[in-house]
Amino acid sequence: MAATLGRALGSGPMGAGSQEPGYQPGWSGSVQGASSGWQSQAPHRTGTGAPVRVDLRPNAKGILIQVAGTVLTLGVGLVAVFGGLASDQGFVPIAVGAIFLLAGLLPLLTMPKVLRARALEIGPMGLDYQDPKGYPWAVRWVDLAAVDVKYGHSRSRGGPFSDGVVVALEFSLHPGADAQYPNLGRYRRGEVYRLSLGQRGDLLGPLAQPLGAFAPPQVFHGVTNLGSILAGRLI
């Protein structure tokens, strides 16, 4: 059974107030709410203070893993291919080298996407996922039914470059509010929406603290440890 940790310590003060100057996220929902039932109220705020921006770009360790893995795989592939061509061992080493080359080209092609700049801004109005080269979204607290930070220890952990902690932000909306956020469709996983963050155990604190400060108490459910999981479970 997943063990749910308590709300983050150091939460900011709770209460109402005016919107901070300069805080203008790209809200995708309308103020009036969906006609299917759930009616959004005026923009909601809980904690006070400037929004907190959590940088979601890979850290130095993540970049090292991406680059080193790509270079190593491509290197093995090239050695195998040229070794097979220069010897009389037949087609087998060439085929093995080709497989390694293909395996190395995939992360090479996806590297710009993985290393792109993106961030999650958590503030008095709600959540604002900033992804200029991807699929950004923003959701107000008044439309959110629940928000959870979930993590688990990957069963494939143990490599020299891996901490094995897979992290994701999961949230659900009030009935009827989904119609206001059509751009969330690609993040839907069953009954919830999920922003996968990969092996980023270092993000647990930076996410939990502002969520504890700004989210309504009934919305933020804390940080949940899922225990030993397959990494794909939080994708």
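Can you tell me how many residues in region 185-235 are within 18 Å of Leu120 (Cβ to Cβ) and not in a strand (DSSP E or B)? Step through it out loud before you land on a result.
Initial filter on region 185-235 (within 18 Å of Leu120 (Cβ to Cβ)): 186-189, 192-216, 219-224, 234-235.
Narrowing the set further to residues that are not in a strand (DSSP E or B) leaves 186-187, 199-216, 219, 234-235.
Matching residues across region 185-235 total 23.
Can you confirm whether Ala80 is at pLDDT 75 or above and in contact with a Pro (Cβ under 7 Å, 6 or more places away or on another chain)? Yes.
In the set (1) farther than 21 Å from Val223 by Cα; (2) crowded, with 20+ Cβ neighbours inside 10 Å; (3) modelled with pLDDT of 85 or more, the condition left unmet by Gly134 is number (2).
The values are calculated or read from the model by the stated rules, or taken from the named source; none is laboratory data. Treat the numbers as computed from the prediction; the structure is a model and nothing was measured. Ideal geometry is used to build each Cβ from the backbone, glycine not excepted, and the neighbour counts take in all protein chains shown.
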